[in-house]
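Structure, as structure tokens:
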Amino acid sequence: GKPFRAPLAMSKLGSSWISRGVWILGIFGLLAVIHTFAFGGGAVPAILPILGMLFATFTMLYTGALLSAAKGFPFWKTGILPVLFLISGLLTGMFAVILAAVGMGTELAAGHLTKLAAIGAGLIVVELLTIFFFLHASYRARDTMEAAKRMMGKSSFIFGDLILGLIVPLCLCLAVYFAVEDTATMTNLLAGAGVLSLIGGFLLRYAILSTGMQTSLDFAGFNFRPIAKLDFERSPIGRMPPQ
């Protein structure tokens, strides 16, 4: 309710991930604007892409670091989460660049497409392993076991992220690298993998956020959970005569 206090979000750089995020996203956006408009058609100073890659990495890590620093949500409080967001950001970012190139009509050489397919396949394998370690570590801890079970029970995560968002794109990348030789077919396969990967990246973040918000609290030997919503309407006993 006090929008003019928004600039104060920049003042807690030493203690607040929100404040760090304001600086990280602000500087990254500024570098992107300078790179696009000031040097769009000319030589780019060497320091600019280096700073851009540095703050791009900070941007990918930032969301995971912000969640892991949140109090009261043990499912998020792990050092694996920023790594998972970094790998997912690299994968979806690479596919987003491919989709942007296809959308603008840029022709990619077969050699470049093969390299991109190999990089994509490698990132997908690393992300699958990171997800496994994240859920395995969460399942073994008492405070996060329930959240890990809920996440593994979500069809949007299993079918949307793991199968459609990771395994199917992995198969498409391997097909481009080993089997397909036609440039147009390679481009179409990687574009399809890109669309699925972006959807999977969104569903991964949705699963982590929605699962982590439903927490339980262990205190003095007692387990406190949020009140569950009933799947059926309560019987109106005491308010109406029996039907």
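The values are calculated or read from the model by the stated rules, or taken from the named source; none is laboratory data. Everything quoted here is computed from the prediction, not taken from an experiment. Glycine gets a Cβ as well: all are built from the backbone with ideal geometry, and neighbour counts include every protein chain shown. Note: accessible area is taken over every heavy atom of the protein model, side chains too, but ligands, DNA and RNA are not part of it. Shrake-Rupley method; radii C 1.70, N 1.55, O 1.52, S 1.80 Å.
Numbers for the structure displayed
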{"read-out": "Hey, residue 98 closer than 30 Å to residue 185 by Cβ, of a type outside the set (Ser, Thr, Tyr) and either in a helix (DSSP H, G or I) or without any contact (Cβ under 8 Å) to a residue 40 or more places away in the chain (or both) or not", "value": "yes"}
{"read-out": "Selection count where residues are at pLDDT 90 or above and either part of a loop (DSSP other than H, G, I, E, B) or within 21 Å of residue 5 (Cβ to Cβ) (or both), scope the range 19-53", "value": "8"}
{"read-out": "The range 1-35, subset exposed (fewer than 13 other Cβ atoms within 10 Å of the Cβ) and polar (S, T, N, Q), residue nearest to the chain's Cα centre (by Cα)", "value": "15"}
{"read-out": "Filtered residue count, the range 119-150, keeping only those that are at pLDDT 95 or above, buried (at least 19 other Cβ atoms within 10 Å of the Cβ), of a type outside the set (Val, Ile, Thr) and more than 29 Å from residue 180 (Cα to Cα)", "value": "1"}
{"read-out": "Test: residue in the range 75-84 that is under 29 Å from residue 138 (Cα atoms) and surrounded by fewer than 17 Cβ atoms within 10 Å (Cβ to Cβ)", "value": "yes"}
{"read-out": "Among the candidates 46, 70, 38, residue that is within 22 Å of residue 161 (Cβ to Cβ) and either in contact with a His (Cβ under 8 Å, 6 or more places away or on another chain) or surrounded by fewer than 18 Cβ atoms within 10 Å (Cβ to Cβ) (or both)", "value": "70"}
{"read-out": "Pairs with Cβ under 8 Å, 6+ apart, first in the range 36-63 and closer than 20 Å to residue 82 by Cβ and among the acidic types (Asp, Glu), second surrounded by 13 or more Cβ atoms within 10 Å (Cβ to Cβ) and modelled with pLDDT of 95 or more", "value": "none"}
{"read-out": "One residue from 108, 116 being within 17 Å of residue 193 (Cα to Cα) and modelled with pLDDT under 95", "value": "108"}
{"read-out": "Boolean, residue 166 is closer than 30 Å to residue 181 by Cβ and either surrounded by 20 or more Cβ atoms within 10 Å (Cβ to Cβ) or out of contact with any Cys (no Cβ under 6 Å at 6 or more places or on another chain) (or both)", "value": "yes"}
{"read-out": "Count - residues of the range 71-95 that are over 19 Å from residue 135 (Cβ atoms) and not in a helix (DSSP H, G or I)", "value": "2"}
{"read-out": "Pick from the range 169-204, criterion free of Cβ contacts under 8 Å to residues at least 24 places away in the same chain and not hydrophobic (A, V, I, L, M, F, W, C), ranking: most open to solvent (accessible area, probe 1.4 Å)", "value": "188"}
{"read-out": "Residues (closer than 22 Å to residue 76 by Cα, of a type in the set (S, T, N, Q) and touching a residue at least 40 places away in the same chain (Cβ under 8 Å)) located in the range 111-159", "value": "130, 138, 144, 156"}
